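Notes to accompany the following structure.
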Amino acid sequence: MSCIDFSRRSILIKEQLSPRELRRKGQMTCHLKTVNSLRTLYLSDLALGIFLRQLERLQHLKTLANSKTPFVDQDYVICQTNGNPYEETHMAKKFHMLTEQLGYPRCRIHDLRHSTASNVYDLTGDYLAVSRILGHTIKGLEKTLGSSKLYESMTSLYIHVQPSRTAEAVKIHHNEVKKLQEALNKGKS
């Protein structure tokens, strides 16, 4: 959890889980796919609450640990009860179970990334903030949003996105998600 700065409400994306064959050899994490993937993301109230609950869970797991069931802290945000990372399929299976229980159509977790990118752009009109949140170049964002007329590549080299700009985009998106949740909850009662 060292990648999370609770006082600044941010998370540093600096590495990723290694492919399964490398994990079997003991290399649990690896470098990000591209230099643009290295980024700091703002944590909205919603996200901060989730990470705080996860921190409580990890602290609880550590107190339960003993010689029979040790907990090895490997600095993962989400992990098994022994501290090891889950297989990449674990979260997908849990996600599919949840969408099925809720009666939603089946989709991949990665589809949510595309939907979020589109929604943040629709709400803010800020291509650069969206590209920074996703860790994409402008060219990569054009592919994600299905557009080919965003910015010339030379222009994108000289534009730097301030963290406050991405934080504001995340806040706007999470506020809309919160409104949607409230509307859905009212509809159920």
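The values are calculated or read from the model by the stated rules, or taken from the named source; none is laboratory data. The structure displayed is predicted, hence computed values, not measured ones. Counting neighbours? That spans all protein chains shown, and the Cβs are built from the backbone with ideal geometry, glycine included.
Filtered by the rule that a residue be charged (D, E, K, R) and in contact with a strand residue (DSSP E or B) (Cβ under 8 Å, 6 or more places away or on another chain), the stretch 65-102 gives a lone residue, 88.
Tally the residues that are in contact (Cβ under 8 Å) with a residue 12 or more places away in the chain and outside any strand (DSSP E or B), restricting the search to the stretch 37-63. Of the residues in that region, 14 qualify.
Picking from residues in the stretch 88-115 that are more than 17 Å from residue 184 (Cβ to Cβ) and either in contact with an Asp or Glu (Cβ under 7 Å, 6 or more places away or on another chain) or β-branched (Val, Ile, Thr) (or both), the one that is surrounded by the most Cβ atoms within 10 Å (Cβ to Cβ) is 109.
Would you be able to say whether some residue in the stretch 68-76 is of a type in the set (A, V, I, L, M), assigned by TED's automatic domain parsing to the domain that holds residue 5 and within 19 Å of residue 28 (Cβ to Cβ)? Within the stretch 68-76, one or more residues are of a type in the set (A, V, I, L, M), assigned by TED's automatic domain parsing to the domain that holds residue 5 and within 19 Å of residue 28 (Cβ to Cβ). Just one residue in the set 25, 14 is loosely packed, with under 12 Cβ neighbours inside 10 Å and not assigned by TED's automatic domain parsing to the domain that holds residue 131; that residue is 25. Would you confirm whether any residue within the stretch 65-74 is in contact with a helix residue (DSSP H, G or I) (Cβ under 9 Å, 6 or more places away or on another chain), over 25 Å from residue 173 (Cβ atoms), at pLDDT 90 or above and not in a helix (DSSP H, G or I)? Yes; the residues of the stretch 65-74 include at least one that is in contact with a helix residue (DSSP H, G or I) (Cβ under 9 Å, 6 or more places away or on another chain), over 25 Å from residue 173 (Cβ atoms), at pLDDT 90 or above and not in a helix (DSSP H, G or I). Exactly one of these conditions fails for residue 113: (1) modelled with pLDDT under 90; (2) not in a helix (DSSP H, G or I). Give me its number. In the conditions (1) modelled with pLDDT under 90; (2) not in a helix (DSSP H, G or I), residue 113 misses (2) alone.
Residues in the stretch 28-67 that are farther than 23 Å from residue 87 by Cβ and among the basic types (Lys, Arg): 39 only.
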